[in-house]
Amino acid sequence: MDDLDSRFLTRNGLAARQLAVLLLNHEPDTRLPRVRDFAEELGCGNGTVQAALQLLEEAGAITTTARGHLGTFLLDSDRTVLWRLSGLGTLLAAMPLPYSRRYEGLATGLRGAFEQAGAPFAVTFMRGAGARTAALLEGKVDLVVLSRFAADQLIAEHPVELVADLGPATYVGAHGMLVRHGVDLDAPGLRVAVDHTSEDLRMLVERVFAGRRDIEWREVSYMQLHDLFARHEVDATVWNLDEARERLGVGVDVLPLGDEVTRELALRNSSAAVIGRKDGAKALGAVREALDLSIVTRMQSEVLMGERTPSY
C-alpha cells in the first residue's frame, strides 16, 4: 500500500471518499460549494474538508482553482478516479435474457453510457419483469430494464421511479399476431398461448382477443412456442417479432395488430425503460446527471446494423 492509499484510511481520507461522491455531481468549470457548506453536509470540520480536497487533488481525481471572492472552481475531474475513491462499487442492472440482437444492443449501449459517465456497470439477466422488479425492491440490483408499459404499471404500485425512457423500438422492434398456417381465427375453441411471466405480452394478447368467450387459453413459456406451433398444440398468440423471426419456422403466419388502442399499447411496449428504487443507491444518484442516453441508442443501432460487436 503506497503512502497515498494509506492516507485514504485516515479521518481526512474517509472525508475525501464522502467528498468524492458529492463531486461526482459537479461539472468541470463550475463553482464548488463553500468549504463550510461541504463541512456541514459531511458532518466534519472545515480543516478536514480542506485536507480531503487536497487528497483528491493529489490522487488526480480533481483539479481546482481559487478565484478570490468568486470562490473555488472545479477546473476538471476524472470521474473514473472519483468513482474508485468513493467506494460506491459497481452498478448492477437486471435485463431480459439477451435472446435478440436488439437486447444485445441495449445491453451494450447501457454499459457504454454508464462507463462513459465513469461508473462501473454490470448486467445480470432475468426472465420476466416481475422477477427483475422483485430483485430491485429487495436491493439485489440497482436498476431494472423493461418496457415503458410495464414500468408505468410498476411505478404506480411500488416505490420505484423512472430513470430513463429510451424511446420507441429500443426494447422490441414490433409486435404481431402469430397464427398457425391454415387456422381460421374466427373458429370456436381457438387455442391461444399466453405467458403470464411477461406482463407486456399478456396485456397485448388479452387485448387482441378481448370479447372472445370461446378462447381456450394455453399457459406456456414463450420459449416453447416454436415446438408448440410445430406440434399443432397452439393456434395463435401475440409475440415480439424480433424473436419470432429468428425462432419460428415455416407454418406460422404473422399478422399486424388491430385497433388503434392495441397499436398504442404495442408502441409503449416497444420502448425500453430503466427504473430504480426511489430511495435509490448513492451510486445511481452520483451518475444520473452525467448519463448520456444518446450513447445507448447509438450503440444499440450499431449492433443492430452489424457495425459493432455486442459487448456486455
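I'd like the full set of residues that are open to solvent by 50 Å² or more (accessible area, probe 1.4 Å) and either in contact (Cβ under 8 Å) with a residue 12 or more places away in the chain or touching a Phe, Trp or Tyr at 6+ places or on another chain (Cβ under 7 Å) (or both), limited to the stretch 61-80.
Result: 63, 67, 70, 72, 75, 76, 78, 80.
Can you give me the number of residues within the stretch 58-97 that are touching a Leu at 6+ places or on another chain (Cβ under 9 Å) and more than 30 Å from residue 312 (Cα to Cα)?
The number of residues fulfilling the criteria is 8.
What residue, of 2, 37, is at pLDDT below 90, of a type in the set (D, E, K, R) and out of contact with any Pro (no Cβ under 8 Å at 6 or more places or on another chain)?
After applying the criteria, what remains is 2.
Could you give every pair whose Cβ atoms fall below 8 Å, whose first residue belongs to the stretch 290-304 and is more than 17 Å from residue 119 (Cα to Cα), and whose second residue is outside any helix (DSSP H, G or I) and open to solvent by 40 Å² or more (accessible area, probe 1.4 Å), counting only separations of at least 6 or pairs across chains?
Final answer for the pair search is 299/308; 302/308; 303/309.
Identify all residues within the stretch 92-122 that are open to solvent by 30 Å² or more (accessible area, probe 1.4 Å) and either in contact with a Phe, Trp or Tyr (Cβ under 9 Å, 6 or more places away or on another chain) or among the hydrophobic types (A, V, I, L, M, F, W, C) (or both); write none if there are none.
Matches in the stretch 92-122: 92, 97, 98, 102, 104, 111, 115, 120, 122.
All but one of (1) over 18 Å from residue 79 (Cα atoms); (2) open to solvent by 40 Å² or more (accessible area, probe 1.4 Å); (3) of a type outside the set (Val, Ile, Thr) hold for residue 45, so report the exception by its number.
(2)
Return the pair list, or none, for Cβ contacts closer than 8 Å from residues in the stretch 214-236 that are closer than 9 Å to residue 193 by Cα to residues that are open to solvent by 90 Å² or more (accessible area, probe 1.4 Å), at least 6 apart or on different chains.
219/196
Conditions first: (1) open to solvent by less than 10 Å² (accessible area, probe 1.4 Å); (2) under 14 Å from the mean Cα position of the chain (by Cα). Residue 126 passes all but one, so which condition is the exception?
(1)
With the structure loaded, tell me whether residue 163 is open to solvent by 10 Å² or more (accessible area, probe 1.4 Å), at pLDDT below 90 and under 18 Å from residue 296 (Cβ atoms) or whether it fails that test.
Judged against the criteria, residue 163 is a match.
Can you confirm whether residue 187 is free of Cβ contacts under 8 Å to residues at least 12 places away in the same chain and either in a strand (DSSP E or B) or not hydroxyl-bearing (Ser, Thr, Tyr) (or both)?
Answer is yes for this residue.
Provide a single number: the residues in the stretch 31-42 that are surrounded by 15 or more Cβ atoms within 10 Å (Cβ to Cβ) and in contact (Cβ under 8 Å) with a residue 12 or more places away in the chain.
Total satisfying the criteria: 4.
Could you list, in sequence order, the residues of the stretch 167-193 that are touching a helix residue (DSSP H, G or I) at 6+ places or on another chain (Cβ under 8 Å) and open to solvent by 20 Å² or more (accessible area, probe 1.4 Å)?
168, 169, 173, 174, 175, 177, 180
Check 139, 87, 109, 130 and return the single one that is out of contact with any His (no Cβ under 8 Å at 6 or more places or on another chain) and closer than 21 Å to residue 292 by Cα.
Matching residue, one of 139, 87, 109, 130: 109.
The values are calculated or read from the model by the stated rules, or taken from the named source; none is laboratory data. The model shown is predicted, which means the values in this text are computed figures rather than measured ones. Backbone-built Cβ (ideal geometry, glycine too); neighbour counts: all protein chains shown. Areas reflect the complete protein model, heavy atoms only, side chains present, ligands, DNA and RNA absent. Shrake-Rupley method; radii C 1.70, N 1.55, O 1.52, S 1.80 Å.
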